[in-house]
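Q: Okay, here's the structure, questions in a sec.
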Amino acid sequence: MYLIRVEGDKMSKDLDTLLREKRIFKPSSDVVKSSNIHKWMEKHEINDYDELLQKALDNPDWFWDELAGELEWFKQYKKTKKWNPPYAEWFLDGKFNIVYNALDKHAKGPEKDKLAYIWEGESGEVRELTYLDLYREVNRFANVLKKLGVRKGDTVSIYLPMILELPIAMLACAKIGAVHSVVFSGFWAKAFQERINDAKSKVAITVDGFRRRGKLIELKENVDNILDKTPTIEKLIVVRHEGLNINMQEGKDIWWHEAITEMETECKTEEMDSEDPLFILYTSGTTGKPKGVVHVHGGYAVGIYTTLKFVFDLKEDDVWWCAADIGWVTGHSYIVYGPLLLGVTSILYEGTPDYPDPGRLWKMIENYGVTVFYTAPTTIRMFMKFGEKWPQKYNLDSLRLLGTVGEPINPEAWIWYHQHIGGGRCPVMDTWWQTETGMHIITPLPISELKPGSAVKPFPTVEADVLDDAGKSITGGGGHLVIKSTWPSMFRTLYKDPERYVESYWSRFPNIYLSGDVARRDDEGYFWIQGREDDVLNVAGHRISTAEVESAIVSHKSVAEAAVVGKPHDIKGEEICAFVILKEGSGSTEDFEDIIKYHVRKEIGPIASPAHVKIVKDLPKTRSGKIMRRVIKAKVKGEPVGDTSTLANPEAVEYL
Ligand code: WT7
């Protein structure tokens, strides 16, 4: 990996100056020649990256048929896709199960004794599962689910931290045709309650407790507090992880380890239709109600298999580490399903990157010989702050490729990552995608020339564009990032909300997918993602809606009104600022800052808790009564507030 061009400004400082970033890094010919994509191009007589992109755009069905052919179908599909925007179906009339490809196939092949997962707990404890072990554990648990009456199409709600039982539970659901709905363990139990009720789950899964930064989180106890508000739940399966002495309710609560003891290690894999749902994963939108993004077996599998194979170039001997949480889509696609489809060894870790010390990740890379590593820009920026001395203590020579996801990466962080973690030899794959897209959408490949801070170009076959407000394609300036084609792992709908599916994503520009991000494209066709254009915050790579935080704040009995905006932050990207009007007679405002922070923590979870709370007398509003977030945001950023003539109460600006 070497620098081939530097022009203009070397050190661009923030996202607005991203377009002035002129450094280009070219992968070495070793990296290129040994890559999966290069070999695949050779087979198809494709000479270079541009030709690959063009050929794939011209023949998307050819591209996806080739890759779908690398997976096993119980019954061959008849038609590659049906694209009737905004509705897509892929691999029509095919019979398929993602778990057959992720697990059954390997448990019967020569790779059965290969490690599927190496798990490391926060205390340093290690658990390893071979493909055969994982297959058996999944089958036993699938038999438990069946015995409890879970049937094809039922939704099982899962609330587990980063322990092996989480992928086991997900795979067991998918194996028998049930749909999983995983709730991030960092959310408060109320999120679990809402999701259980939305999906009407009969069976839910949780854990006695787990540790984060040494602090014990008693998840089962939190779940007990919501179970009286989840009328559909018949059984709660509890994993014993911390060995806590918890209260088990007779007839309802079941220990995981007891339930599996008598179960067979074989279980039939249900033959699913390609388009049958695999999971629901909730994500934040512009309103307070999270959106239940629905993914299906066939297309989803083909999309993540292909991207992981070509973007992260995984091969048989790789040790892959996607250091995200399975509770987010990154973990669903690239910790659970993707690496298993490719049959590689993955690392799973419980904890946080800086605990017990900032050497945790680097030590693990050395210990396990990690070859490809994927994390978020916020983590990289955190390590830039701790300094090079931490990664320098460890031998990171096993690494050959790096990746980032979740938010725009500033060129300085990219360069630091490339230099201090990648030793200057590992290409950095800045992958742009979303819960809705299921797979990488705008991303480099190991053969691409890289510009620090750019997610490079659309993945083969994807037709991405930047549009101005009138829907005209633009180059240079910022605009709406859209996708004009379908892709196999596209979400199919929003759970129980088909209208919102159309309205949120496909209406601004009819039949074109609106991502909600602002991006620029330079004159070489490289995409530079700038961030969200809607009222969605991105805090440390996590998507949080302002409306969700506002409604949590307003649910406090003393609060009359609230407005939430994001404030740029060096490490987290954005942090949450809340402006709150208290009801009259609420007493002293002094303690309320902490009370509000704690309240949001309880309602949503620590990640949504505001960094700053300010109690104010009034909020700037339009004459129709709408809070003007633009004005509040400008104030928070210390920028001019601009025209306030349309405000009903211009004096409110002073209170902020
Ligand atoms: C939003 C999607 C995709 C898995 C993690 C987040 C932002 C994601 C990048 C990137 C700039 C990025 C976007 C997007 N985002 N990756 N490489 N560069 N921004 O999934 O929670 O659905 O969030 O994350 O704003 O819309 P998600």
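Q: With each label point set 7 Å from Cα along the Cα-Cβ vector, what nm distance links residue 570 and residue 355?
A: Spacing of the two 7 Å Cα→Cβ label points: 2.3 nm.
Q: Pop out the ³J(HN,Hα) list for the range 578-592 in order, Karplus 6.51 cos²θ - 1.76 cosθ + 1.60 with θ = phi - 60°, rounded to Hz; leave Gly and Pro as x.
A: Rounded to whole hertz, the list is 10, 10, 10, 9, 8, 5, 5, x, 7, x, 4, 7, 4, 7, 5.
Q: If you don't mind, another one. Per DSSP H run of n ≥ 4, the term is -39500 (n - 2.57); total these for the chain, divide by its residue number, and report the mean residue ellipticity at 222 nm rounded to 500 deg cm²/dmol.
A: That calculation yields -7500 deg cm²/dmol at 222 nm.
Q: Charges at C-beta only: +1 for Lys and Arg, -1 for Asp and Glu. How large is the resulting dipole of the range 533-655 about its Cα centre, in Debye rounded to 20?
A: Roughly 160 debye, rounded to the nearest 20.
Q: For the range 533-655, just say rounded, prolate or oblate: build the C-alpha gyration tensor, square-root its eigenvalues into a ≥ b ≥ c, call rounded for a/c under 1.5, and beyond that prolate if a/b exceeds b/c, oblate if not.
A: Judged from the Cα gyration tensor, the range 533-655 comes out oblate (a/c at least 1.5, b/c at or above a/b).
Q: Per-residue HN-Hα couplings for the range 436-452, Karplus 6.51 cos²θ - 1.76 cosθ + 1.60 at θ = phi - 60°, whole Hz, x for Gly and Pro?
A: These are the phi-based 3J(HN,Hα) values: 5, 7, x, 10, 4, 10, 10, 6, x, 10, x, 9, 7, 6, 10, 10, x Hz.
Q: Could you state the accessible area per residue of the range 533-655 in Å², with a 1.4 Å probe and every protein chain left in place?
A: 48
Q: To continue, here is another question. Collect residues whose amide H, placed 1.01 Å from N in the peptide plane, falls under 5 Å from the amide H of residue 530; neighbours closer than 5 in sequence don't count.
A: 518, 519, 520
Q: Something else: Can you bin the chain into rounded, prolate or oblate? Criterion: square roots of the alpha carbon gyration tensor eigenvalues sorted a ≥ b ≥ c, rounded for a/c under 1.5, prolate for a/b above b/c, oblate for the rest.
A: The shape class here is rounded.
Q: Which listed residue (157, 305, 556) has the Cα farthest towards the positive end of the charge dipole for the chain, taking +1 on Lys and Arg C-beta and -1 on Asp and Glu C-beta about the Cα centre?
A: 556
Q: Taking the Cα centre of the chain as origin, work out the dipole magnitude from +1 charges on Lys and Arg Cβ and -1 charges on Asp and Glu Cβ, in debye rounded to 20.
A: Dipole magnitude for the chain comes out near 500 debye.
Q: Taking only the alpha-carbon atoms of the range 131-270, what semi-axes of the equivalent ellipsoid follow from 5 times the gyration tensor eigenvalues under a square root, in whole Å, largest first?
A: Gyration-tensor ellipsoid for the range 131-270: 22, 17, 14 Å.
Q: With a 1.4 Å probe and all protein chains in place, put 263, 272 in order of accessible area, largest first.
A: Final ranking, largest accessible area leading: 263, 272.
Q: Now for a separate question. Sequence-distant or interchain residues sharing an amide H contact under 5 Å with residue 278, placed H: which?
A: Amide H neighbours of residue 278: 295, 296, 297.
Q: Also, quick follow-up: For residue 148, list long-range residues whose amide hydrogen, built 1.01 Å from N in the peptide plane, is under 5 Å from its own amide hydrogen.
A: It is none; the list stays empty.
Q: Right, next: Residue by residue through the range 64-70, what is 3J(HN,Hα) from phi via Karplus (6.51 cos²θ - 1.76 cosθ + 1.60, θ = phi - 60°)? Round to whole Hz and write x for glycine and proline.
A: So the Karplus estimates, Gly and Pro as x, are 6, 4, 4, 6, 4, x, 7 Hz.
Q: Which one of 115, 176, 580 has its Cα pushed farthest toward the positive end of the charge dipole of the chain, where Lys and Arg give +1 and Asp and Glu give -1 at the Cβ?
A: 580
Q: Determine the alpha carbon to alpha carbon distance for each of 114/202; 363/385; 95/291 and list only those over 24 Å.
A: The pairs that break the limit, which is 24 Å between Cα atoms, are 114/202; 95/291.
Q: Lys/Arg Cβ at +1, Asp/Glu Cβ at -1, dipole of the chain taken about the Cα centre: which of 394, 423, 656 is farthest positive-ward?
A: Of the candidates, 656 comes out farthest on the positive side.
Q: In nm, give the distance between the simple-model label positions of residue 506 and residue 252, each being 7 Å from the Cα along the Cα-to-Cβ direction.
A: 4.0
Q: Within the range 171-208, find all residues whose amide N lies under 13 Å from a label point positioned 7 Å from the Cα of residue 240 along Cα-to-beta-carbon.
A: Label zone hits: 208.
Q: Using 1/(1 + (r/R0)^6) with R0 = 25 angstrom and r between the beta carbons of residue 47 and residue 22, what's the FRET efficiency to the nearest 0.05?
A: Plugging the Cβ-Cβ distance into 1/(1 + (r/R0)^6) gives 0.40.
Q: Could you check how much of the accessible area of the chain is carbon and sulfur, as a whole percent, using a 1.4 Å probe?
A: Ligands and nucleic acids excluded, carbon and sulfur give 47 percent.
Q: Testing the spin-label approximation: label points 7 Å from Cα along Cα→Cβ at residue 200 and residue 473. State their distance in nm.
A: 4.5
Q: DSSP loop GluC sites (Glu not before Pro) in the range 541-624 with at most 16 other Cβ atoms within 10 Å of their Cβ, which ones?
A: Passing sites in the range 541-624 are 584, 590.
Q: To the nearest 0.05, what FRET efficiency results for residue 651 and residue 622 with a Förster distance of 22 Å applied to their C-beta separation?
A: It comes to 0.90.
The values are calculated or read from the model by the stated rules, or taken from the named source; none is laboratory data. Computed from a predicted model, the values in this text were never measured in an experiment. In this analysis, Cβ positions are derived from the backbone assuming ideal geometry, glycine residues included, and neighbour counts consider all displayed protein chains. Just so you know, the surface numbers come from the protein's heavy atoms only, side chains and all, with ligands and any DNA or RNA stripped out. Shrake-Rupley method; radii C 1.70, N 1.55, O 1.52, S 1.80 Å.
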